[in-house]
Amino acid sequence: MRLDDLPGELILWILIVSELLIFAAGITVMLVLRVGDPAGFGAAQAMLDGRLAAANTFVLVTSGLFAARAERAAARGAKRAARRGLMLAGLGGLVFLALKLFEYFKDYAAGIGMETHPFFTFYYLLTGFHAAHVLAGVAVLALVAIRARAEAVQAGAMFWHMVDLVWVLILPPLYLMR
Amino acid sequence: MDALTRTWLILIALTTASAALAGTGGLWTGAAVLLLAAAKARAILGGFLHLKAAPGWLGAMMLPLVLWLLGLWGVYALSLR
């Protein structure tokens with residue numbers, strides 16, 4: 001196992017691990033707090049719409065496929081195909097954000113705010129911070145699409161897969177573990 | 001079928017399984033959704049981030065991740081007592 005074996009730039013792996021650690025810390029603290037108020041956390045969690053989160057997971061993993069295809073196309077010099085893949089991946093990101101905004105509006109209409117219950121403080125912080133990464137990811141994908149150089153497209157795709165990875169890890173404690 | 005499409009299909013299947021478990025609480029459901037999350041993470045790291053092709057690195061990333069998920073399950077179990 002050598003550092004040289006890692007695909008892509010080492011700095012991106014440092015970023016990926018750092019981001020995972022930040023989200024892991026948030027999720028861990030939330031679950032520890034749940035031990036003191038399981039009924040309250042359970043009731044708060046039951047107010048969320050898991051169907052929208054599930055739909056967003058399908059959207060995000062599919063956009064990950066387009067990002068991976070773009071990376072492969074850029075590596076063989078097929079810039080047009082790479083740009084198409086990046087555009088579709090970015091579009092997936094925008095659909096994700098639209099669904100997330102819709103979910104936030106629904107939550108708000110149901111009277112759910114950050115201070116309604118400690119669960120919702122973590123819910124808004126974790127999903128909001130993740131959504132900010134999705135927005136940044138869409139911008140990164142658009143930027144690397146301009147010249148569609150292989151290294152840049154690989155970096156953009158790696159960032160995008162990190163966003164995907166974080167989402168599949170925050171999903172169970174927020175929506176599924178009742 | 002190419003490797004990327006296979007990875008995507010695995011992720012879709014795992015996500016479908018997770019969605020099917022939504023709304024049913026309990027210790028073993030919690031274990032199942034965390035196991036599915038670990039499998040999704042492995043698919044993304046190995047298939048999309050290409051760690052399958054980097055000897056030792058997929059295991060090096062998955063080991064702490066699985067230990068952390070086990071820890072989460074333990075804390076979750078405490079909240080169900």
For B:A77, indicate whether it is in a helix (DSSP H, G or I) and more than 9 Å from chain A (Cβ to nearest Cβ). yes
Scanning region A:74-98 for residues that are among the small types (G, A, S), assigned to a helix (DSSP H, G or I) and without any contact (Cβ under 8 Å) to a residue 24 or more places away in the chain gives A:A81, A:G85, A:A98
Among the residues that make up region B:20-37, is at least one of them at the interface with chain A (Cβ under 7 Å from one of its Cβ atoms), at pLDDT 95 or above, under 14 Å from the mean Cα position of the chain (by Cα) and surrounded by fewer than 21 Cβ atoms within 10 Å (Cβ to Cβ)? no
Confirm whether A:R51 is at pLDDT 95 or above and more than 16 Å from the chain's Cα centre (by Cα). no
Among the residues of region B:24-32, are any without any contact (Cβ under 8 Å) to a residue 24 or more places away in the chain, among the polar types (S, T, N, Q) and touching a Ser or Thr at 6+ places or on another chain (Cβ under 8 Å)? no
Every residue from region B:38-50 that is more than 7 Å from chain A (Cβ to nearest Cβ) and either over 13 Å from the mean Cα position of the chain (by Cα) or outside any helix (DSSP H, G or I) (or both): B:G47
Go through region A:34-44 and give me each residue that's surrounded by 12 or more Cβ atoms within 10 Å (Cβ to Cβ), out of contact with any helix residue (DSSP H, G or I) (no Cβ under 6 Å at 6 or more places or on another chain) and more than 8 Å from chain B (Cβ to nearest Cβ). A:D37, A:G40, A:A43
Counted residues, region A:106-133 - those being free of Cβ contacts under 8 Å to residues at least 60 places away in the same chain, touching a helix residue (DSSP H, G or I) at 6+ places or on another chain (Cβ under 6 Å) and not in a loop (DSSP other than H, G, I, E, B): 1
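The values are calculated or read from the model by the stated rules, or taken from the named source; none is laboratory data. Keep in mind that what you see is a predicted model, and the values were worked out from it rather than measured. Every residue, glycine as well, gets a Cβ built from its backbone with ideal geometry; the counts of neighbours run over all protein chains shown.
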